[in-house]
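To start, the structure under review is shown below, and the notes come after it.
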Amino acid sequence: MQSMTRPPLTLIHTSDWHLGHILANHERDAEHAAFLAWLLDQLDVQEADVLLVTGDVYDVANPPVSATRRLYAFLAEASRRRPSLLTVILGGNHDSAARINLPAPLLDEARVRFFGNLPRKPLAEGGSVPDLDTLLVPLPDRNGTTAAWLAAVPFCRPGDLGTETLETLYAAVAEAGAARAGGLPLVLTGHLHVAGGAVSEMSERRIVVGGEEAQAASLFDSRAAYVALGHLHRAQTIAGPCPIHYAGSPFPLSATERDYAHAITVVRLAGAGIDLVEVPIPRPVPFLAVPARGAAPLDVVVAELEALAFDDSLPRERQPFLEVTVSVTGPEPHLQTRVLAALEDKPVRLTRIVRQQTALPGARAQLAGAVLGALEPAAVFAALHAARHGGHPPADDLAKAFASLLVDVNTAPLAGDA
Ligand SMILES: [Mn+2]
């Protein structure tokens with residue numbers, strides 16, 4: 001009967017904006033502007049009560065002023081358009097916690113909340129513990145009545161956790177959250193890699209593989225009505241004891257994300273049930289690949305590039321991105337020159353030229369079983385060259401260049417000696 005009298009609470013979950021992102025020297029600000037203008041409209045269209053951003057708001061800890069301005073202008077406009085909206089912004093692993101928290105004193109905390117880092121409170125006997133009271137946020141519906149609770153857990157650095165582990169932290173958060181919610185829906189959050197999620201190679205892996213273990217979905221408690229996650233850039237639901245969902249990034253941050261269906265997640269929480277809908281984000285700039293899949297020999301790639309036709313009227317910041325992948329079996333000294341020549345004067349933004357070696361067996365077999373200390377660097381180089389270049393050993397000048405490089409390396413002072 002509750003759902004008859006109380007309208008469902010509508011929460012929009014979005015993540016991994018990476019404001020200030022630069023892709024191969026190309027700024028993404030025009031794309032962020034387009035996304036945020038669309039998001040402002042969606043707040044109205046979906047009649048949002050809560051906007052939740054689950055980390056990596058900025059691309060780097062010290063973002064450019066234009067990125068900060070972009071966020072602040074968005075928050076001001078969102079508050080102006082929807083006076084009842086509560087916005088909650090969490091820090092991600094790319095964010096500086098202090099940078100995220102910075103504008104908080106200027107803003108009404110009933111309207112905008114920042115959790116750059118896990119809040120902690122000091123203990124009388126010394127030390128500190130996670131401040132569960134602070135991170136539990138009541139979520140008001142459009143009438144101002146608390147309709148759900150949010151446990152705002154941002155990306156946790158070892159210093160945030162102290163003696164806790166993620167397991168003990170999330171167990172304590174779920175316990176306190178469920179008690180506080182008293183039967184109302186509880187939303188948990190996080191910015192972390194949960195096992196079972198698909199990882200994009202270029203933009204997340206450099207962070208994900210940096211020693212962080214993927215967490216099990218059992219980290220989250222079945223008492224949560226919804227777990228809103230950030231970190232992985234593909235919008236996806238993870239199997240677990242409750243609905244666990246990555247909202248994903250708003251547009252591709254690298255070529256590996258170009259096939260993702262970027263979306264915001266509209267979550268309607270009413271009584272016992274939740275309704276979860278991914279609303280696709282219009283892509284402001286196309287992301288092309290030549291060839292469309294895999295790699296092709298240089299002549300094929302060049303012919304395809306020369307045949308490309310584009311809209312000449314687009315301003316630079318709206319021109320498509322392009323990644324080129326060439327399969328090579330030997331040295332291709334003119335590869336880059338020929339690719340660039342084929343694209344000359346074309347209104348397209350090249351992000352990367354990938355050389356994909358056609359793998360040849362040989363080097364591994366030759367080196368298999370060798371004792372590392374007994375290997376001659378020149379022999380390893382020769383074997384690798386042969387493996388990658390059709391069985392040919394390096395030419396004399398290349399072998400000499402390698403030998404001279406080796407001398408330089410062996411005689412150079414060690415980094416850090418200074
Ligand atoms: Mn991210």
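The values are calculated or read from the model by the stated rules, or taken from the named source; none is laboratory data. The structure presented is a predicted model; accordingly, all values stated were derived computationally and were not measured. All Cβ positions, even for glycine, are placed from backbone atoms using ideal geometry, and neighbour counts span all protein chains on display.
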- Note on the structure: The correct count of residues that are part of a strand (DSSP E or B) and not aliphatic (A, V, I, L, M) in segment 229-280 is 11
- Among the residues listed as 340, 314, the single one being surrounded by fewer than 17 Cβ atoms within 10 Å (Cβ to Cβ), of a type in the set (A, V, I, L, M, F, W, C) and at pLDDT below 95: 314
- Item | Residue identified as crowded, with 17+ Cβ neighbours inside 10 Å, touching a helix residue (DSSP H, G or I) at 6+ places or on another chain (Cβ under 7 Å) and of a type in the set (A, V, I, L, M) among 176, 181, 147, 172 | 176
- Six or more apart or on different chains, Cβ under 8 Å: which pairs go from a residue in segment 144-173 that's at negative phi to one that's acidic (Asp, Glu) and surrounded by fewer than 22 Cβ atoms within 10 Å (Cβ to Cβ)? Could you list them? 147/141; 170/221; 171/221; 172/164
- Message: For segment 259-272, check the following and say yes or no: at least one residue is within 16 Å of the ligand (Cβ to nearest atom), closer than 30 Å to residue 170 by Cα and of a type in the set (A, V, I, L, M).
- Response: yes
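Please go through segment 127-181 and give me each residue that is charged (D, E, K, R) and in contact with a Ser or Thr (Cβ under 8 Å, 6 or more places away or on another chain), ordered by number.
If the condition is that a residue be charged (D, E, K, R) and in contact with a Ser or Thr (Cβ under 8 Å, 6 or more places away or on another chain), then 142 is the only one that fits.
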- Query: Has segment 283-295 got at least one residue that is in a loop (DSSP other than H, G, I, E, B), within 16 Å of the ligand (Cβ to nearest atom) and modelled with pLDDT under 95?
  - Reply: no
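Would you pick out the residues in segment 15-24 that are away from the ligand (no atom under 14 Å from the Cβ) and under 22 Å from residue 191 (Cα atoms)?
22
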- Message: Can you say whether residue 146 is in the same structural domain as residue 249 (by TED's automatic domain parsing) and under 28 Å from residue 170 (Cα atoms), as far as the supplied structure shows?
- Response: yes
- Among 27, 109, the single one that is surrounded by fewer than 20 Cβ atoms within 10 Å (Cβ to Cβ), away from the ligand (no atom under 16 Å from the Cβ), within 23 Å of residue 190 (Cβ to Cβ) and not polar (S, T, N, Q) is 109
- Note on the structure: Result of the Cβ filter at 8 Å on segment 325-337, keeping first residues that are over 15 Å from residue 385 (Cα atoms) and partners that are hydroxyl-bearing (Ser, Thr, Tyr) and at pLDDT below 90, at least 6 apart or interchain, is 327/358
